[in-house]
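S.K.: Shown below is the structure under consideration.
The values are calculated or read from the model by the stated rules, or taken from the named source; none is laboratory data. Only a predicted model underlies this, so the values are computations on that prediction, with no experimental measurement involved. Methodologically, a virtual Cβ is constructed for each residue, glycine included, from the backbone with ideal geometry; neighbour enumeration extends over all protein chains shown.
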Amino acid sequence: MRLKTLLLAILSLPLLMRIGYAQTPPGLPERQSNAYGIESAKFYPGALVLELMEAAEAEIENAANEAYAEGYKAAMLQYAPGAAAYRAAAETMRAELEAERKRNRFFWPAVGASAGVSFILGFLTHSLTGR
């Protein structure tokens, strides 16, 4: 008898522990009608908070644009001398290339003319010598 009572107490202990830990589930939050979930009828004036949030959004956007402009300006100041040097080097190379083209503009016509003259002289030499 004593063993049955002890066994029953041991087996019912986990059930009692679960009941002791039971809690009511938290309620689901209600859906709000605006982007920030502000309820105007609760503890604060919702219209005022919405105005403040919109002003904060505008200020954040302006600050981001200003930071971008400052970063762009800093990068331009940092890299402008190098870019100017590269532009000057490109212009110098372009001028050298154009000068080289002018010097060599008669090269291929001269090769063609000398090949033609050689062919004609060879033909004439062959016909005149009769071989």
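S.K.: Being outside any helix (DSSP H, G or I), at pLDDT below 75, out of contact with any strand residue (DSSP E or B) (no Cβ under 9 Å at 6 or more places or on another chain) and surrounded by 10 or more Cβ atoms within 10 Å (Cβ to Cβ), is that true of even one residue in segment 10-27? Please lay out each step first, then the result.
M.R.: The first filter runs over segment 10-27 and keeps only residues outside any helix (DSSP H, G or I), leaving 22-27.
With at pLDDT below 75 added as a condition, the list becomes 22-27.
Then keep just the ones that are out of contact with any strand residue (DSSP E or B) (no Cβ under 9 Å at 6 or more places or on another chain); that gives 22-27.
Imposing the further condition that a residue be surrounded by 10 or more Cβ atoms within 10 Å (Cβ to Cβ) reduces the set to none.
Among the residues of segment 10-27, not one is outside any helix (DSSP H, G or I), at pLDDT below 75, out of contact with any strand residue (DSSP E or B) (no Cβ under 9 Å at 6 or more places or on another chain) and surrounded by 10 or more Cβ atoms within 10 Å (Cβ to Cβ), which makes the answer no.
S.K.: Let me ask you something else. For a quick check of your reading of the model, give me the residue pairs whose first member lies in segment 68-97 and is loosely packed, with under 10 Cβ neighbours inside 10 Å, whose second is at pLDDT below 90, with beta-carbon atoms closer than 9 Å and at least 6 apart or on different chains.
M.R.: That search, which allows pairs on different chains as well, returns nothing.
S.K.: Also, quick follow-up: Somewhere in segment 38-56, is a residue at pLDDT 85 or above and among the acidic types (Asp, Glu)?
M.R.: Yes, there is a match, as at least one residue in segment 38-56 is at pLDDT 85 or above and among the acidic types (Asp, Glu).
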